[in-house]
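Heads up, the thing below is written out as C-alpha cells.
The values are calculated or read from the model by the stated rules, or taken from the named source; none is laboratory data. Everything quoted here is computed from the prediction, not taken from an experiment. In this analysis, Cβ positions are derived from the backbone assuming ideal geometry, glycine residues included, and neighbour counts consider all displayed protein chains. The area values use the complete protein model at the heavy-atom level, side chains included, leaving out ligands, DNA and RNA. Shrake-Rupley method; radii C 1.70, N 1.55, O 1.52, S 1.80 Å.
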Amino acid sequence: MQRSFLLTSLGITLALGSYASSAQANTEIAWWHAMGGALGDKVEQIAADFNASQDTYTVKPVFKGNYSETMTSAIAAFRADKGPDIVQIYEVGTATMMAAKGAIVPVYQLMKSADVEFDPQAYLPAVTGYYTDPDGNMLSLPFNSSTPVTYYNRKLLEQAGVEEVPRTWQALGDALEKVVDSGTASCGLTTTWPSWVMLENYSAINDVPFASQANGFEGTDARLQFNRTAAVDHIERLTQWQEDGRFAYGGRFDDAAPKFYSGECALMMGSSASYANINENADFDFDVAPLPYDADVVDKSNNSIIGGASLWVFDGLDDTHQQGVAEFFEYLSSPEVQADWHQYSGYLPITQAAADLTRKQGFYADHPGTDVAIKQITAGEPTDNSKGLRLGNMVQIRDVINGELEDIFSGDAGAQEGLDEAVSRGNALLEKFESAHQ
C-alpha cells in the first residue's frame, strides 16, 4: 500500500509538474483596463475565451480604476520599466500617448511585424480617425467607442402631438415648445457630458472647427476656436430655451440622466453606450434618434465623433509578447467578438463586418434604435472638423469648458463671454502641452 501510495503520489507530482511547466510555457500578456462592474466581467470573459482558443498566450486583464487612474498608473509603471503589455486609454488621452516618444508601438507597425492579418479599411473610418496619424496609420486599436445620440420618451412626445424627433435644431425648438406648453413634461431637453455633446459633437456634425490645425491632428500648436463659430449661437440658443423650459442643464458627466429617467425631461442627449442604463432605470418606452444638425449652418448632418477608449501597446516588449498582443488584437477585432461586445455593452462595433453581423442576427430589429449611432457616425466622409480631436491636456480643457458652461447656464456669464474665457484658459493649457513636447 505504501509503495502504491508513493507511486500514485509520484504520478500526481509528475502530472502537476507537467501541467505547471505547460502553464509556465504560455506567454502572459498583461492588459490594464478601466472597465468596472459588468463591463469588467465582460472583459474577463473576452480574455478567457481568447485564452481557451489557443495554448500559446494567456491574456490577463487587470482593472486599474477609472480612465484617469488607469492612464496615470500605466505611465508611471512604464517609466519604472514595469508597464503592462496593453493599456486602455480614453480618447482624450490620445495626444498625450502620441507625444510620449518611444513609449508606444503603433498598432499598424505591431501587426506588420507580427505578420498578422490587419486591414485598416475594415474599421469604421469615424472610429479609427481618432486614433490615426496624419498619414492614416492606426496608432492604437479602438475598443470601446461611443457617440452621443438623442433619447426620447415616446409617450410624452405622443401626448404633446410630436410625431417624431426633428432632424434640425430649428425644428426641434418648435417640438420642445409643444412638449412644455402642453404640460406633458416640465422640461423638454437635457444633456449629459455637455462639452462632448453640445460643443465637440455640435462642431463635428455641423462641420465647423473646434480647434485649429484640423482639431489638433496637424500639430501640437493647435488652438481652440469654438468661440468664433456657430457654436456660440448654439449655446446662446440653449440659454434662451432654458428660460422657457425647453432645455434644462443637469450637470457634468452623466448627472443629467435622472431628469430623463424620472420623466421630468422628454428628451436627453447622451452616449450611445447609455442605452442599457436607460433601459434599466426608465419605466417607460423610449426610442433613439440622431443628434440634430443646425439648418443655419449646413444642409445635412455630418458625422458625429466618438468617446470611449482604445488599446495601446507599450514599447520594449520582446518578439514573443508582441506576437501575442497582435494575435489577441486580431481576435478582438473579429466580427463575432465585436458583435457580441457591441450588443452587450452598447458601444459601437469597431468594424463594418461586426455591424453587418449584428444586423444579420436580428439584434437591431429586436432592439429598435440601437443602430442609430452607427448610421450617425458613418454619415458622410469625415472632414478635418469631424475626424475627432487630437488636443493635449484635453481632460483639463473639458473641465474648463464645463465650468464656463455652468456659468453661462446659471446666468453668471453670457454665451460669448463664457466661451471666450473657456478658449483663453484652454489655450493656455494647449500652450503648456506644446512647450512640453517640442
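Scan region 353-374 and report the pairs whose first residue is farther than 24 Å from P120 by Cβ and whose second residue is assigned to a helix (DSSP H, G or I), with Cβ atoms within less than 6 Å and a gap of 6+ or a chain change. These pairs meet every condition: F363/Q343; T370/Y364.
Just wondering, is there one or more residues in region 285-298 that are surrounded by 17 or more Cβ atoms within 10 Å (Cβ to Cβ), over 29 Å from N137 (Cβ atoms), touching a helix residue (DSSP H, G or I) at 6+ places or on another chain (Cβ under 9 Å) and at pLDDT below 95? No, because not a single residue in region 285-298 is surrounded by 17 or more Cβ atoms within 10 Å (Cβ to Cβ), over 29 Å from N137 (Cβ atoms), touching a helix residue (DSSP H, G or I) at 6+ places or on another chain (Cβ under 9 Å) and at pLDDT below 95. Being outside any loop (DSSP other than H, G, I, E, B) and either of a type in the set (K, R) or in contact with a Ser or Thr (Cβ under 6 Å, 6 or more places away or on another chain) (or both), is that true of even one residue in region 168-182? Within region 168-182 (the criterion being outside any loop (DSSP other than H, G, I, E, B) and either of a type in the set (K, R) or in contact with a Ser or Thr (Cβ under 6 Å, 6 or more places away or on another chain) (or both)), the answer is yes, since at least one residue qualifies. Evaluated against (1) of a type outside the set (G, A, S); (2) part of a helix (DSSP H, G or I); (3) in the same structural domain as N66 (by TED's automatic domain parsing), D115 falls short on exactly one condition, (2). Looking for something farther than 24 Å from S53 by Cα, open to solvent by less than 40 Å² (accessible area, probe 1.4 Å) and of a type outside the set (K, R) - is there at least one such residue anywhere in region 349-363? Yes, that holds for at least one residue.
Residues that are crowded, with 21+ Cβ neighbours inside 10 Å, of a type in the set (A, V, I, L, M, F, W, C) and within 22 Å of the chain's Cα centre (by Cα) were ranked within region 109-162; the one that is modelled with the lowest pLDDT is A126.
Listed by first and then second residue, the pairs with beta-carbon distance under 6 Å, at least 6 apart or on different chains, first residue in region 31-60 and aliphatic (A, V, I, L, M) and open to solvent by less than 10 Å² (accessible area, probe 1.4 Å), second at pLDDT 95 or above and not in a helix (DSSP H, G or I), are V43/H33; V43/P61; A47/V59; A47/P61; V59/I29; V59/W31. Between E431, E406, E417, E421, the distinction of being modelled with pLDDT of 95 or more and under 16 Å from V197 (Cα atoms) belongs to E406 only.
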